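Asker: Quick one: structure below, then a few questions.
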Amino acid sequence: MAAAEAASLAHSHAGGGGGGAAGPLSAGGAVPVLFCFSVFARPSTVPHGAGHELLIQKFLSLYGDQIDMHRKFVVQLFAEEWGQYVDLPKGFLVSERCKVRLVPLQIQLTTLGNLTPSSTVFFCCDMQERFRPAIKYFGDIISVGQRLLQGARILGIPVIVTEQYPKGLGSTVQELDLTGVKLVLPKTKFSMVIPEVEAALAEIPGVRSVVLFGVETHVCIQQTALELVGRGVEVHIVADATSSRSMMDRMFALERLARTGIIVTTSEAVLLQLVADKDHPKFKEIQNLIKASAPESGLLSKV
């Protein structure tokens, strides 16, 4: 049985085309496939030789807004010899016109929150100069954000930075060293999930988790987290590197997000989870980052 967790659903998109039952290849090496999910059936195409992962990607591109990302699925192929669907054979590659369906299993997955450097990206959201006087404990979250950026460089983790309308709100604060980050992007949308960010994620193989920090917790952070979870990405919000103009908005947002299954955590927990072992070659460098405890930034006094 070829099962796939929704968290492994990729972020790439493919084009449309014909569909139906058995038949020859279409021109250009694209094979017509009928994609069935629930009561829906949509014809499209995949490259000749496409396997399980590409079929999953196509299902996501066609039905992503209807798929419960916290479920487990099985992909099935319509077998003419049996006159019904069978579980996708191991090693199956599309070679001719066919019909497949995605079947959700009655299993609710628990979000475990495991982090590994090879499957993680850091998101730094809108840590800009104009927000300095307005955001509660902004100095504290800048210092913690800098620890996270240093940790990402040490561990080779990609970092994506956004700036909300930088023409009017200024650039990222100078205390944050953006050396080596993958992208620094302007935006007007509150969520960081803009087309350029989606494209960047699609280019990074095996991304399962995003570590998210910045401002404001109840606006850009919250909307980014919800959009990422909707795309099957596990989100870790760093509470001590995230704030708002009011503690009420900050704390209610963190509580709401935790209830949705998003992981609310701390900078030290994230960095030590990423190294996982004192014998990790980068452990000493990470240890130096966290020798002094991170500032509480008002979190403890409000719990």
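Asker: Given the Cα atoms of the range 228-303, and with Rh set as the inverse mean 1/r over their pairs in the Kirkwood sense, what is Rg to Rh to two decimals?
Answerer: When Rh is taken as the Kirkwood radius, the ratio is 1.03.
Asker: Same structure again: Please give the per residue volume of the convex hull enclosing the alpha carbon atoms of the range 117-290, rounded to a whole number of Å³.
Answerer: 104
Asker: Tally up the carbon and sulfur contribution to the accessible surface of the range 117-290 as a whole percent, 1.4 Å probe, everything protein left in place.
Answerer: Working: 3910 of 7230 Å².
Ligands and nucleic acids excluded, carbon and sulfur give 54 percent.
Asker: Under 21 Å between alpha carbons, and skipping anything fewer than 8 positions from K189 in its own chain: which lysines qualify?
Answerer: By straight Cα distance, K189 reaches K167.
Asker: So for the chain, what percent of the C-alpha to C-alpha distances run longer than 30 Å?
Answerer: Numbers: 18193 of 45753 pairs.
Roughly 40 percent, once rounded to a whole number.
Asker: Please compute the length gained on full extension between L112 and H280, using 0.36 nm multiplied by the number of residues separating them and subtracting their Cα-Cα distance. Before the final figure, lay out each step's value.
Answerer: Details: separation 168, 0.36 × 168 = 60.48 nm, distance 2.18 nm.
Fully extending the segment from L112 to H280 adds 58.3 nm.
Asker: Distance between the C-alpha centers of the range 149-218 and the range 237-288? Whole Å please.
Answerer: 16
Asker: Hey, another quick one. To the nearest 10 degrees, how steep is helix 52-63 against the longest Cα principal axis of the chain, on a 0 to 90 scale?
Answerer: For 52-63 against the chain, the angle is about 80 degrees.
Asker: Around F122, what is the net charge, scoring Lys/Arg as +1 and Asp/Glu as -1 over all other residues with Cβ under 11 Å from its Cβ?
Answerer: On the way: positive: R153, K182; negative: none.
After counting each charged neighbour, the total is +2.
Asker: By how many degrees, 0 to 90 and rounded to 10, does the Cα axis of helix 247-259 deviate from the longest principal axis of the chain?
Answerer: So the inclination is approximately 30 degrees.
Asker: What accessible area per residue, rounded to a whole number of Å², is obtained for the chain using a probe radius of 1.4 Å? Intermediate values should be presented prior to the final figure.
Answerer: On the way: 14220 Å² over 303 residues.
Per-residue value: 47 Å².
Asker: Next question. Give me a comma-separated list of calculated 3J(HN,Hα) values for the range 84-96, in order, Karplus coefficients 6.51, -1.76, 1.60 applied at θ = phi - 60°, integers in Hz, x for any Gly or Pro.
Answerer: My calculation for the range 84-96 gives 7, 7, 10, 4, 4, x, 4, x, 4, 10, 6, 10, 8 Hz in order.
Asker: Quick one: compute the contact order of the chain, relative version, from alpha carbon pairs under 8 angstrom and 6+ residues apart, as a percent. Working shown, then result.
Answerer: On the way: 600 pairs, mean separation 53.4, N = 303.
About 18 percent, as a whole number.
Asker: Now, a different point. In sequence order, what are the phi-derived ³J(HN,Hα) couplings for the range 202-215 according to the Karplus relation 6.51 cos²θ - 1.76 cosθ + 1.60 with θ = phi - 60°, rounded to whole Hz, with x for glycine and proline?
Answerer: 5, 7, 9, x, x, 5, 10, 10, 10, 9, 10, 8, x, 9
Asker: How high is the relative contact order of the range 172-303, in percent, counting Cα pairs under 8 Å that sit 6 or more residues apart?
Answerer: Computed over the range 172-303, the figure is 19 percent.
Asker: Defining a contact as two alpha carbons under 8 Å apart and six or more residues distant in sequence, what relative contact order in percent does the range 65-214 show? Walk me through the intermediate numbers first.
Answerer: On the way: 198 pairs, mean separation 38.2, N = 150.
Computed value for the range 65-214: 25 percent relative contact order.
Asker: Now, a different point. Suppose accessible area is computed on protein heavy atoms with a 1.4 Å probe; arrange D140, D65 from highest to lowest.
Answerer: Working: D140 50, D65 135 Å².
Ranked list, largest accessible area first: D65, D140.
The values are calculated or read from the model by the stated rules, or taken from the named source; none is laboratory data. Please read all numbers here as calculations on a predicted model, not as lab measurements. Heads up, the Cβs are rebuilt from the backbone with ideal geometry, glycines too, and the neighbour counts pull from every protein chain shown. Each accessible area value is taken on the protein alone, full model and side chains, heavy atoms only, with ligands, DNA and RNA left out. Shrake-Rupley method; radii C 1.70, N 1.55, O 1.52, S 1.80 Å.
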